[in-house]
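K.L.:
What follows is a structure written as structure tokens; I'll ask about it next.
The values are calculated or read from the model by the stated rules, or taken from the named source; none is laboratory data. It should be emphasised that the depicted structure is a prediction, and the values quoted were computed from it without experimental measurement. Cβ coordinates were reconstructed from backbone atoms using ideal geometry, including for glycine residues, and neighbour counts include every protein chain displayed.
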Amino acid sequence: MNIKNVATTPFTDQKPGTSGLRKSVPVFQQTNYLENFIQSIFATLEGYKGKTLVIGGDGRYYNREAIQTIIKMAVAAGFGRLLVGQGGLLSTPAVSCVIRKHHAFGGIVLSASHNPGGPTGDFGIKYNIGNGGPAPEKVTDAIYEYSQTVTYYPIAEVGDVDLDTLGTTQLHDTVVEIIDPVADYAELMEQLFDFDQIRDLFATGFRMRFDAMHAINGPYAQEILVKRLAAPADTVMNGTPLPDFGGGHPDPNLTYAHELVEVMNGDNPPSFGAASDGDGDRNMVLGSHFFVTPSDSLAVLAANATLVPGYRGGLAGIARSMPTSQAPDRVAEQLGIKCFETPTGWKFFGNLLDAGEATLCGEESFGTGSNHVREKDGLWAVLFWLNLLAVRRESVATIVRDHWQKFGRNIYSRHDYDEIDNDSAQVLMAGLREQLTSLPGAQFDGYRVAYSDDFSYKDPIDSSVSTAQGIRIGFNDGSRIVFRLSGTGTKGATLRVYLERFEPDEKKQDQDAQQALADLIAIADRIAGIRRLTGRDQPTVIT
Ligand code: G1P
Ligand code: ZN
């Protein structure tokens, strides 16, 4: 078999963002675009010859073509074994699980997560390291640097691999193994949760609805919820993964998972509703006529963790991304454990999990996970909730309200302004940075600014420093406004505004978040000039 060296020239735009390299499909389809980036990954790694690489994606448009190319390049690079999900499919948490279980050198995930797919939609590539988690910044920086000088890439001259049939093929010095995408992951879930107890819950007539949004988690939910946990047959909706997610936006929030939201807010709704995103790492949790914010979800899971077998021994610590509400901090305080505040992006949790400093992690962006893998994990969060519901036999709303009574409620919302003009976004952020020194002490309708900064983080394990991670404005009553620009968008800029207010009074806790946060929403506009600079009256998405 021949290994061919193909000459190429660099693309200037291959800098990975919050979560890998994410571009529209036509960008990825340019000659050598994908190959250059894969070559930059392999050229940056050391000591992988003869080792195992895991490959899989969320099934979006271009997944199969990309996987064939990556297999041929991985053979040329000298990997010993490739574990490829059947049909080219593997959810992001399943990649993490498979890397860890099979002691792989690393893995490549093909996904643009919650971004829409299809011929003009988005595609993405992420490299995960041997702990199963996203490559840290020093690795992604090195990949980018290499991509700027790449001159050729080696590729094996072989035919396409049959991705649909389980089994192994020898290509040159590499064994290519097509694996069941669900098996290892399902086995791990059985170790963490009390499947008998959850089966008992379903046996009482308990009904739930899981919206897979025509994305990767359909087969996982079908196997675990319906087959292994005996949930009713109509539990999984939109369960078939489609290359364009059925034309939808595979992001599990109140806006895009509207089909599920209608079911859960309709007549005679099921007791529990959940959804996950394109690559299966995000989750949304709903009760009947009740929405659980991701920040509250993390706090509730932490407070109840010892009810679940995998966490019976208690938590070492909790970690949350900076814009996530401070609800988990209150739980950590009561449990006498640490709560870490990290920059946005799951990669910042890796070191804390590896060092055993944190057990549960979460982000306000519908991401929750634990030390069982090194990615956030949508179905895991759903099973955790199911396990709690099976133990407590109370409604989702009762569990959350009970939590608020005990800990107080951090009323929370995020406002996204999508696809705004890049320059205006930069002007807005620069304007905020200019105010950082003058804001403390300023008074806005009874709210006094206690501090304002541009968040910077020193990793407690490896002491690496990440600066300019978002503008925080804190008020004297504990309220907060955070501003940052998205690092995952592919069109224009996305401004995210995160709003939070603490409500200790039980009688005032059951209010609508937008109303409760109305003052802060107005203050955010006054400080940042959102309307003036973006020309928008309203956020595109409110979560
Ligand atoms: C967004 C979320 C962030 C998450 C990331 C990947 O990044 O805000 O929490 O880790 O997607 O799912 P952003 O677009 O804000 O940079
Ligand atoms: Zn995702």
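K.L.:
Gln426: surrounded by fewer than 15 Cβ atoms within 10 Å (Cβ to Cβ), under 19 Å from Leu499 (Cα atoms) and not small (Gly, Ala, Ser), yes or no?
P.N.:
On the way: surrounded by fewer than 15 Cβ atoms within 10 Å (Cβ to Cβ): yes; under 19 Å from Leu499 (Cα atoms): no; not small (Gly, Ala, Ser): yes.
It is false that Gln426 is surrounded by fewer than 15 Cβ atoms within 10 Å (Cβ to Cβ), under 19 Å from Leu499 (Cα atoms) and not small (Gly, Ala, Ser).
K.L.:
Answer yes or no as to whether Arg472 is away from ligand 2 (no atom under 16 Å from the Cβ) and farther than 18 Å from Ala425 by Cα. Break it down stepwise before answering.
P.N.:
Details: away from ligand 2 (no atom under 16 Å from the Cβ): yes; farther than 18 Å from Ala425 by Cα: no.
Criteria not met by Arg472.
K.L.:
Tell me, please, whether a residue that is buried (at least 18 other Cβ atoms within 10 Å of the Cβ), touching a strand residue (DSSP E or B) at 6+ places or on another chain (Cβ under 6 Å) and over 13 Å from Gly369 (Cα atoms) can be found in segment 288-295. It would help to see each step written out before you state the result.
P.N.:
Filtering segment 288-295 for residues buried (at least 18 other Cβ atoms within 10 Å of the Cβ) gives 288, 290-295.
Then drop every residue that is not touching a strand residue (DSSP E or B) at 6+ places or on another chain (Cβ under 6 Å), which leaves 292-293, 295.
Pick out the ones that are also over 13 Å from Gly369 (Cα atoms) and you get 292-293.
Within segment 288-295 (the criterion being buried (at least 18 other Cβ atoms within 10 Å of the Cβ), touching a strand residue (DSSP E or B) at 6+ places or on another chain (Cβ under 6 Å) and over 13 Å from Gly369 (Cα atoms)), the answer is yes, since at least one residue qualifies.
K.L.:
Right, next: Only residues in segment 348-373 that are closer than 17 Å to Ala135 by Cα count as the first member; pair them with residues that are hydrophobic (A, V, I, L, M, F, W, C) and surrounded by fewer than 21 Cβ atoms within 10 Å (Cβ to Cβ), Cβ under 7 angstrom, at least 6 apart or cross-chain, and list the lot.
P.N.:
From segment 348-373, the pairs are Asn351/Ile461; Leu352/Ile461; Ala355/Ile461.
K.L.:
From the list Ala43, Ala76, Ala66, which residue is in contact with a helix residue (DSSP H, G or I) (Cβ under 7 Å, 6 or more places away or on another chain) and farther than 20 Å from Pro243 by Cα?
P.N.:
Values: Ala76 fails: in contact with a helix residue (DSSP H, G or I) (Cβ under 7 Å, 6 or more places away or on another chain); Ala66 fails: farther than 20 Å from Pro243 by Cα.
Selected residue: Ala43, the only one of Ala43, Ala76, Ala66 that is in contact with a helix residue (DSSP H, G or I) (Cβ under 7 Å, 6 or more places away or on another chain) and farther than 20 Å from Pro243 by Cα.
K.L.:
Check Ala358 against each of (1) assigned to a loop (DSSP other than H, G, I, E, B); (2) away from ligand 1 (no atom under 16 Å from the Cβ); (3) small (Gly, Ala, Ser) and name the one condition it does not meet.
P.N.:
Ala358 satisfies every listed condition except (2).
K.L.:
Yes or no: Tyr61 part of a loop (DSSP other than H, G, I, E, B), in contact (Cβ under 8 Å) with a residue 24 or more places away in the chain, more than 29 Å from Tyr256 (Cβ to Cβ) and of a type outside the set (Gly, Ala, Ser)? Break it down into steps so the answer makes sense when it comes.
P.N.:
Numbers: part of a loop (DSSP other than H, G, I, E, B): yes; in contact (Cβ under 8 Å) with a residue 24 or more places away in the chain: yes; more than 29 Å from Tyr256 (Cβ to Cβ): no; of a type outside the set (Gly, Ala, Ser): yes.
So Tyr61 fails the test.
K.L.:
Please go through segment 99-118 and pick out each residue that is of a type outside the set (Lys, Arg), buried (at least 17 other Cβ atoms within 10 Å of the Cβ) and under 30 Å from Ser463 (Cβ atoms).
P.N.:
Ile99, Ala104, Phe105, Gly106, Gly107, Ile108, Val109, Ser113
K.L.:
If Thr306 satisfies every condition in (1) surrounded by fewer than 24 Cβ atoms within 10 Å (Cβ to Cβ); (2) within 16 Å of ligand 1 (Cβ to nearest atom) but one, which is the exception?
P.N.:
(2)
Residue by residue, here is whether (1) over 30 Å from Thr467 (Cβ atoms); (2) surrounded by fewer than 23 Cβ atoms within 10 Å (Cβ to Cβ); (3) not polar (S, T, N, Q) holds:
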| position | (1), (2), (3) |
| --- | --- |
| Ile129 | no, yes, yes |
| Pro134 | no, no, yes |
| Ala142 | no, yes, yes |
| Glu157 | yes, yes, yes |
| Ile216 | yes, no, yes |
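K.L.:
While we're looking at this one, here's another question. Conditions: (1) surrounded by 24 or more Cβ atoms within 10 Å (Cβ to Cβ); (2) farther than 16 Å from Arg374 by Cβ. Gly121 meets all but one. Number of the miss?
P.N.:
(1) is the only condition that Gly121 fails.
K.L.:
Also, quick follow-up: Being of a type outside the set (Gly, Ala, Ser) and not in a strand (DSSP E or B) is the filter; apply it to segment 483-495 and report the residue that is farthest from ligand 2 (Cβ to nearest atom). Full working, then the answer.
P.N.:
Going residue by residue through segment 483-495, those that are of a type outside the set (Gly, Ala, Ser) are 483-485, 488, 490-491, 494-495.
Then keep just the ones that are not in a strand (DSSP E or B); that gives 488, 490-491.
On the way: Thr488: 9, Thr490: 14, Lys491: 18 Å.
Only one residue tops the list, namely Lys491.
K.L.:
Still on this structure, please answer the following. Within segment 11-53, how many residues are surrounded by fewer than 22 Cβ atoms within 10 Å (Cβ to Cβ) and part of a loop (DSSP other than H, G, I, E, B)?
P.N.:
17
K.L.:
While we're here: Can you name the residue in segment 99-135 that is of a type in the set (A, V, I, L, M, F, W, C) and farther than 18 Å from Met213 by Cα and is also nearest to ligand 1 (Cβ to nearest atom) among such residues?
P.N.:
Step one: filter segment 99-135 for residues of a type in the set (A, V, I, L, M, F, W, C), giving 99, 104-105, 108-110, 112, 123, 125, 129, 135.
Restricting the remaining residues to those that are farther than 18 Å from Met213 by Cα gives 99, 104-105, 108-109, 125, 129, 135.
Working: Ile99: 18, Ala104: 22, Phe105: 23, Ile108: 17, Val109: 12, Ile125: 14, Ile129: 17, Ala135: 14 Å.
Taking the candidates together, the pick is Val109.
K.L.:
I need a count of the residues in segment 147-186 that are within 28 Å of the chain's Cα centre (by Cα) and without any contact (Cβ under 8 Å) to a residue 24 or more places away in the chain.
P.N.:
Selection size over segment 147-186: 1.
K.L.:
Further, regarding this structure: Can you name the residue in segment 328-380 that is within 15 Å of ligand 2 (Cβ to nearest atom), among the charged types (D, E, K, R) and more than 18 Å from Glu500 (Cα to Cα) and, of all such residues, is modelled with the lowest pLDDT?
P.N.:
Looking only at segment 328-380, we keep the residues that are within 15 Å of ligand 2 (Cβ to nearest atom), and these are 344-347, 349, 361-369, 373-380.
Subset that is among the charged types (D, E, K, R): 347, 363-364, 374-377.
Applying the additional criterion that residues be more than 18 Å from Glu500 (Cα to Cα) yields 347, 374-377.
Working: Lys347: 86, Arg374: 95, Glu375: 96, Lys376: 97, Asp377: 98.
Restricting to residues being within 15 Å of ligand 2 (Cβ to nearest atom), among the charged types (D, E, K, R) and more than 18 Å from Glu500 (Cα to Cα), the top hit is Lys347.
K.L.:
Gln515 versus (1) farther than 13 Å from Tyr417 by Cβ; (2) assigned to a strand (DSSP E or B); (3) among the polar types (S, T, N, Q): which is the lone unmet condition?
P.N.:
So Gln515 meets the others, but not (2).
K.L.:
For residues that are away from ligand 2 (no atom under 16 Å from the Cβ), under 15 Å from Gly362 (Cβ atoms) and acidic (Asp, Glu), tally how many sit in segment 247-304.
P.N.:
Number satisfying all stated conditions: 1.
K.L.:
Can I ask one more? Just need a number here: residues in segment 484-496 that are more than 7 Å from ligand 1 (Cβ to nearest atom), touching an Asp or Glu at 6+ places or on another chain (Cβ under 8 Å) and either modelled with pLDDT of 95 or more or at negative phi (or both).
P.N.:
4
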